[in-house]
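Here, each number is a calculation from the coordinates, and none is a lab measurement. Computed from a predicted model, the values in this text were never measured in an experiment. All Cβ positions, even for glycine, are placed from backbone atoms using ideal geometry, and neighbour counts span all protein chains on display.
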Amino acid sequence: MTTFRIAPSILSADFARLGEEVRNVVAAGADIIHFDVMDNHYVPNLTIGPLVCHAIRPHVQVPIDVHLMVKPVDRIIPDFAKAGANIITFHPEASEHIDRTLQLIRDSGCKAGLVFNPGTPMHYLDYVMDKIDMILIMSVNPGFGGQSFIAEALKKITIARRMIDESGRDILLEVDGGIKVDNIRAAAEAGADTFVAGSAIFSQPDYKEVIDAMRAELAK
Ligand code: DX5
Ligand code: ZN
């Protein structure tokens, strides 16, 4: 039986009350905190970095999943590891040496993953599956919360699921972008086990109600 994980993206949280927000969303049932790092270079937006990761770390016990949308990638990795990140993912187009970056993440004591934009081919995985702990399929183009789910991503989730099963390894398959109560089931049926949701959760007054509704869909 698949273990499903809900990973709220704090991109849509109230940054003025971030400690309280992460505590509340974990109390509401979040399994992972998804932490979106944007650099206004690789993506056209600027968000949060290791200082903020360090600041929220004492507020939650669950893993912090750092999604790096930055270029270059390598020099920021040790800082996030020191700031308490547990999982670090990056976009292969943003790294000059994918294998080296994956190794750097693991050597820093974190789990490592690759992120695939809607238009990014999956072949980047071909020779590095043994160094991967998570595959993240983007179901929007990266840079902003609150965008609509791109259904084509379901095909890529299916491909990633097949690759994971063939590898025989324990690799999380995460989907990120436009996930709501009404499409989370489709993503799970395609093979995802970890679901990022930002605006769907943080736009509502009752986080537990949304997370419970998502879990009810996954249990169907
Ligand atoms: C987009 C980010 C996502 C985003 C998800 O670049 O990687 O994590 O915050 O937000 P929603 O769930 O609102 O699409
Ligand atoms: Zn993300």
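Scanning the range 182-206 for residues that are surrounded by fewer than 23 Cβ atoms within 10 Å (Cβ to Cβ) and either under 20 Å from residue 156 (Cα atoms) or of a type in the set (Gly, Ala, Ser) (or both) gives 182, 183, 185, 186, 188, 189, 190, 191, 193, 199, 203.
A single member of 165, 65 is among the charged types (D, E, K, R), within 13 Å of ligand 1 (Cβ to nearest atom) and closer than 18 Å to residue 187 by Cβ, and it is 65.
Pairs are defined by a Cβ separation below 7 Å, a sequence spacing of at least 6 or placement on different chains, a first member in the range 1-29 that is of a type outside the set (Val, Ile, Thr), and a second member that is part of a loop (DSSP other than H, G, I, E, B) and more than 16 Å from ligand 1 (Cβ to nearest atom); the pairs so defined are 4/193; 5/193; 23/60. Counted as qualifying within the range 1-119 are no helices (runs of 4 or more DSSP H), as none has 2 or more residues that are touching an Asp or Glu at 6+ places or on another chain (Cβ under 6 Å) and of a type in the set (A, V, I, L, M, F, W, C). Pick from the range 112-149 the residues that are among the β-branched types (Val, Ile, Thr) and within 16 Å of ligand 1 (Cβ to nearest atom): which of them is farthest from residue 78 (Cα to Cα)? The qualifying residue farthest from residue 78 (Cα to Cα) is 140.
For the range 150-162, taking the residues that are among the hydrophobic types (A, V, I, L, M, F, W, C) and away from ligand 1 (no atom under 16 Å from the Cβ), the one that is farthest from residue 87 (Cα to Cα) is identified as 159. Considering only the range 32-51, state which residues are hydrophobic (A, V, I, L, M, F, W, C), more than 10 Å from ligand 1 (Cβ to nearest atom) and in contact (Cβ under 8 Å) with a residue 12 or more places away in the chain. Selection gives 32, 33, 48, 51. Contact annotation: residue pairs with Cβ atoms under 7 Å, 6 or more positions apart or on different chains, pairing a residue in the range 102-115 that is closer than 22 Å to residue 164 by Cβ with a partner that is polar (S, T, N, Q) and surrounded by fewer than 22 Cβ atoms within 10 Å (Cβ to Cβ), are 110/86; 111/86.
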